Every structure is written in C-alpha cells, then in structure tokens.
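The values are calculated or read from the model by the stated rules, or taken from the named source; none is laboratory data. Computed from a predicted structure; not experimentally measured. Cβ sites come from the backbone with ideal geometry, for glycine too, and all protein chains shown count toward neighbours.
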Amino acid sequence: MTDTPNAAFKPRIFSGIQPSGGLTLGNYLGALKRFVEKQDEGIETIYCLVDMHAITVWQDPERLRRQTREGAAAFIAAGIDPARSILFNQSQVSAHAELAWIFNCVARMGWMGRMTQWKDKTAGKNAEAASLGLFAYPALMAADILVYHATMVPVGEDQKQHLELTRDIAIKFNNDYKVDFFPVTEPVIEGEATRVMSLRDGTKKMSKSDPSDQSRINLTDDADTIAAKIRKAKTDPEPLPETLEGLRDRPEARNLVNIYAALSGMTAAQVVAENAGAQFGTFKPKLAELAVAKLGPITAEMNRLLQDPAEIDRILGQGADRAEAIARPILDKVYDIVGMIRSRGSRG
Ligand code: AQP
C-alpha cells in the first residue's frame, strides 16, 4: 500500500494559525481570507488557533491568552461563521497531542531536520537550545490535520514543506500498519498572495514574529498606521512596468503589486497593466487606500468582539466540543490499529 485514494474520505478542510503574535496582512491574505472562501463554498471547514504550536517558542502566558482571543476575533471578523465552521483553540482538544505522540514515533529525525522552518528558526542560534517541540512541530501539525481525516489544507506557500511531511507521515503509517486509514492530504495554495513579503525586505516573508513592526501590517493597525507603513515600504526608483516580466528582479515592487491584486480581487498582471508607468509616489497611496478600505471594517469588528472575551471563550469551547466529537473516534481507531488496549472505552 503506497497511497490512499482520498475519494474514500469525505471532503473536509482543516487549517490553523498560531496565536504567537498579532495576525498580519500575510496571515489574512495567505490564510484567513481563503478560509472564508472555502467555508462559503460549502465544504466542511475546521479552523484552529494552534496554541500548542505557539509555545514551541517562549510565550508569555497572559499574552498567549490575549493573542488567542484576538486570533479568534480576527477569524470571526474576517467572515468565519462559528455556526458553519468549527472554530476552536487546539489545546482544548487533547486528541491533537495524543496523535502527535504516535506520529513522533512514525516520523524520522532526518525528516524533521530537513524542514526549512526549523533551519530558519534556529539559523545563527544554538540549535541545541531550541525546544524539542520546535523540532517536532511538523508531527503535531500532521496530527492536527489527520486527526480529522482532513483531505485539504489551505495554507500559504511557507507551509508547503510541512504539508508534504504530513503526507509522508500518513503514507508511512498506512504502510507500517498495512491499513488505508489516513488520507493523503492535499495542500491548497492558491491566490495572488500565497507569500506576502516583509515591507522592509522583499526577500523575507511578512511574519508576526519579525522584530520590526514596520515590516508588517497588523490586523489591529489603524488607518494612519497602515498608510504610514505602506508609504515607508521599501521600493525602488523605477516606475511600474507594463507587464509582470518587468518585476522579475524587483521583489519589493512585486510584493506591493501582489498585495494590491489580492486585496482588489484582480490578478497581478491586471494590476501592472492598469498602473503601467505609475511611480510608487502614486501607487502607494492607492494601495494604502485599498488596504484601509478592506482591513478597516475587520479591525473595527475585531475590536467590538474583543469587548466580550467571555463570548469568545464560549465560541471556542463550543467549537472544541464539535471538534472533539470528530477527532475522538478517529483517535480511538488509531490506538486500536497501533495495538493499544483501550479497556475503558471511549473517553470522549
Ligand atoms: N507572509 C505570509 N504570506 C502568506 N501566507 C502567510 N502565512 C503566514 N505568513 C504568511 C500563512 O498563515 C497561516 C498561519 O501561519 P502560522 O501562524 O501558523 O505561522 P507562520 O506561517 O510561521 O506565520 P508567521 O506569521 O511567520 O508566524 P511566526 O512569526 O510565529 O512564525 C499559514 O497558512 C501560513 O502559510
């Protein structure tokens, strides 16, 4: 058995975001906005604030709690309807951690050591001092997805390698235990902004943990801050070209064009065609106006939702109950396949 036909599995989407900081325009365009599109296509959608992933690097407990609620508010403000999608925080469903342990025993050290995110996050630092959790991060991510038998995972470009590892774990589990139990999940990487870059360096991805706040647009930034960050974004002195080909070696310019495209619903090619010859002095204010128009209502709604943290906690709790009801029977079956005695019955 080398592969599992996904046709045997119900189409189901899972994806998550770490509450390791305030969410950025990169998280919005690469993930959140597309999560909403998938929900609206009518596929079963499960979305998660992956707080257990967040603690693979140090998190102040109070900040983690606040960022998890802020993340949940961002999902809802962006259009996730907790009645249609399942929305919860990872640590409330212990099946994730339980399956991750089994996957720690399926995955190989060499697979983890080759992960670019592990290499990037330990680059120039003492890797020996990094947490074991950071090293094993992709096994927990595989568990997040496979504990729901999710068939599709919408993510940004940076998560492609981790998704491949999820597939490798599913295939190895199926082969080792001679079962067709886990689907071989498909990454869904689509749209004009699958990799939003830093506003200060067009070769680095926009990230919530970048030490420079000027490198990113936060979903909590007000209109003036967004406009100022776009105005100061690094660019080059050339005007916009007539075709995308002309942006080949201009990563910062290409990034702003991609952001405009994703926010406006145009293709990047249409954006350059419409703005051919424009200087950044003209294009940047236009982009700022668009960003404020699109993000302003989300920020306002987030702020309104955050006035009532108990209601956010209630939504996360209800989501966790619904997630648990799907995950627990799948996990029980895994224990059975692996050969563990479960004489207390399901603890769901
Ligand atoms: N710059 C980006 N462009 C497009 N998509 C992005 N995503 C993140 N940054 C960009 C997508 O957002 C989802 C959630 O990511 P995550 O929070 O799990 O972690 P990450 O990818 O490591 O994002 P950050 O912001 O860089 O977090 P930190 O700084 O804590 O490591 C994923 O689908 C991701 O692809």
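Residues in segment 11-42 that are away from the ligand (no atom under 12 Å from the Cβ), more than 12 Å from Val153 (Cα to Cα) and touching a residue at least 40 places away in the same chain (Cβ under 8 Å): Val36, Gln39. Selection over segment 167-206 of residues that are outside any loop (DSSP other than H, G, I, E, B), farther than 20 Å from Asp236 by Cβ and within 13 Å of the ligand (Cβ to nearest atom) gives a count of 2. When you scan segment 72-88, do you find a residue that is in contact with a strand residue (DSSP E or B) (Cβ under 8 Å, 6 or more places away or on another chain), near the ligand (Cβ under 9 Å from one of its atoms) and either farther than 27 Å from Thr225 by Cβ or among the charged types (D, E, K, R) (or both), even just one? Looking for residues that are in contact with a strand residue (DSSP E or B) (Cβ under 8 Å, 6 or more places away or on another chain), near the ligand (Cβ under 9 Å from one of its atoms) and either farther than 27 Å from Thr225 by Cβ or among the charged types (D, E, K, R) (or both), one finds none in segment 72-88, hence no. The set of residues in segment 315-344 that are surrounded by fewer than 18 Cβ atoms within 10 Å (Cβ to Cβ) and in contact with an Asp or Glu (Cβ under 9 Å, 6 or more places away or on another chain) comprises Tyr335, Arg342.
The set of residues from segment 165-193 being among the β-branched types (Val, Ile, Thr) and surrounded by fewer than 21 Cβ atoms within 10 Å (Cβ to Cβ) comprises Ile171, Val179, Val184, Val188, Ile189. Considering only segment 45-61, I want to know if a residue exists there that is over 24 Å from Ile259 (Cα atoms), of a type in the set (Asp, Glu), assigned to a loop (DSSP other than H, G, I, E, B) and assigned by TED's automatic domain parsing to the domain that holds Arg328. Yes: segment 45-61 contains one or more residues that are over 24 Å from Ile259 (Cα atoms), of a type in the set (Asp, Glu), assigned to a loop (DSSP other than H, G, I, E, B) and assigned by TED's automatic domain parsing to the domain that holds Arg328. Check segment 327-340 and report whether any residue there is free of Cβ contacts under 8 Å to residues at least 12 places away in the same chain, of a type in the set (A, V, I, L, M, F, W, C) and part of a helix (DSSP H, G or I). No, every residue in segment 327-340 fails to be free of Cβ contacts under 8 Å to residues at least 12 places away in the same chain, of a type in the set (A, V, I, L, M, F, W, C) and part of a helix (DSSP H, G or I). Restricting attention to segment 207-238 and to residues that are closer than 21 Å to Ala78 by Cβ and among the hydroxyl-bearing types (Ser, Thr, Tyr), the residue that is farthest from the ligand (Cβ to nearest atom) turns out to be Thr225. When segment 199-232 is filtered for residues that are in contact (Cβ under 8 Å) with a residue 24 or more places away in the chain, crowded, with 20+ Cβ neighbours inside 10 Å and under 18 Å from Lys284 (Cβ atoms), the ones remaining, listed by number, are Leu199, Met206, Arg216, Ile217, Asp221, Ile226, Lys229, Ile230. On the basis of being modelled with pLDDT under 95 and surrounded by 15 or more Cβ atoms within 10 Å (Cβ to Cβ), does Gly71 make the cut? It is false that Gly71 is modelled with pLDDT under 95 and surrounded by 15 or more Cβ atoms within 10 Å (Cβ to Cβ).
Scanning for something of a type in the set (Asp, Glu), touching a helix residue (DSSP H, G or I) at 6+ places or on another chain (Cβ under 7 Å) and farther than 21 Å from Glu289 by Cα, does segment 162-169 turn up at least one residue? There is at least one residue in segment 162-169 that is of a type in the set (Asp, Glu), touching a helix residue (DSSP H, G or I) at 6+ places or on another chain (Cβ under 7 Å) and farther than 21 Å from Glu289 by Cα. Criterion first (free of Cβ contacts under 8 Å to residues at least 60 places away in the same chain, buried (at least 18 other Cβ atoms within 10 Å of the Cβ), among the polar types (S, T, N, Q) and within 26 Å of Leu290 (Cα to Cα)) does Gln59 satisfy it? No; evaluated as a whole, the condition is false for this residue.
Comparison of Arg304, Arg248 shows that the only residue that is exposed (fewer than 13 other Cβ atoms within 10 Å of the Cβ) and closer than 30 Å to Gly79 by Cα is Arg304.
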